[in-house]
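Quick notes on the structure that follows.
Throughout, read-outs are computed from the coordinates displayed, never taken from laboratory work. Note that this is a predicted model, so its numbers are computed, not measured. Ideal geometry is used to build each Cβ from the backbone, glycine not excepted, and the neighbour counts take in all protein chains shown.
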Amino acid sequence: MPDMTAGANLAMSHLVPLAAKELDENKVTPGVLGFLVFAALAVGVWMLMKSMNRHMGRVNFEEAPEAGAGAGTGATAEGGKPGPASPAKG
């Protein structure tokens, strides 16, 4: 650890007692920096939730028909893969 210069040593010796006198050991608060960090996290979470809701609104999810439902049970398209689901007639 490098040696402190005389000026830095003198400044530290004057600032430390001032900080110790102002600090109340029974009352410790996060202060402005803690509030700013918390506010930044809150804004970030809000933005992520807004983005997630927008993306979830764009999802077009359709469930595959059950195995026992429909007249085409067991029918496959070319290549042995299931074909596209046809809309239900009603």
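Laid out as a table, the results:
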item	result
Order by protection proxy (mean Cβ within 10 Å, highest first), peptides 33-46, 54-67	33-46, 54-67
Gain upon complete extension [PHE38, THR5; 0.36 nm per residue less C-alpha separation]	8.1 nm
